[in-house]
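Q: Submitted below is the structure of interest, expressed as structure tokens.
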Amino acid sequence: MSTTAPARSWNAMLATALLAVRKVVAGSKPGEHLPPTRELASDLGLPQHIIHTALRHLVDEGLILRGTPGRSSRVRDPDELSPGQIRLLQQVRDRIVRGDYQPGHALPTAVLAINSACASSDARRALARLATEEGFVVWNEHGPYGPGFYVTGPHQARAAFEKADVAAGSP
């Protein structure tokens, strides 16, 4: 009877992949492409599906942007918005302009994060950008519902929306 080393568990392989890819990300510049999945798997001696799972985790954490077919994933610039953050910003803008969110309305950051498929920290960062760059919302440390992001007045929101549209080149 031969004895073989026990197979590494899926969780142990995923932990190994996450640590290794995080090291690659830490040593890379924003925008730099990661090695292809096949190469990472070969270098680490892990199955490709484990590397794919690790990359999905790092996308969810906002460290990398997932590659498209034929292009590897790349390190995300901290100032670059994730797809979830872009969805969140668009949803909030639309709701403010439609009047769904009234002036003084507290924005439910956790709910917006879930609806936009991004982490709560990414939702807060996106709302902070909306506050500082577009004027749709404001951070109020002493708001009526506690610290959080609150909608500005409708005229301010519409003016900020029109300003953003003009800057984006919309007619």
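The values are calculated or read from the model by the stated rules, or taken from the named source; none is laboratory data. No experiment lies behind these values; they were computed from the predicted model shown. What goes into the accessible areas is simple: the full protein's heavy atoms, side chains included, and nothing from ligands, DNA or RNA. Shrake-Rupley method; radii C 1.70, N 1.55, O 1.52, S 1.80 Å.
Q: Roughly speaking, what is the stretch gain from D79 to H142, that is 0.36 nm per residue apart minus the C-alpha to C-alpha distance, in nm to one decimal?
A: 20.0 nm
Q: Let me ask something else. Report the accessible area of V111, computed with a 1.4 Å probe over the heavy atoms of all protein chains in place, in Å² rounded to the nearest 10.
A: Surface accessible to solvent at V111 totals approximately 80 Å².
Q: Something else about it: Could you work out how much longer the chain between R22 and S42 gets when fully extended? Use 0.36 nm per residue separation minus the Cα distance between them, nm to one decimal.
A: Here the segment from R22 to S42 would lengthen by 5.5 nm.
Q: For region 1-113, what ratio Rg/Rh do Cα atoms give with a Kirkwood hydrodynamic radius?
A: 1.17
Q: What percent of all Cα-Cα pairs in region 62-156 falls into each 5 Å bin, going from 0 up to the bin containing the maximum distance?
A: The percentages, shortest bin first, are 3, 14, 23, 23, 16, 9, 6, 4, 2, 0, 0.
Q: Now a separate question. Would you list R22, R76, R129 from the most to the least accessible area, probe 1.4 Å?
A: Ranked list, largest accessible area first: R22, R129, R76.
Q: Let me ask you something else. Could you please put I96, I114 in sequence from largest to smallest accessible area, using a 1.4 Å probe?
A: I get I114, I96, largest accessible area first.
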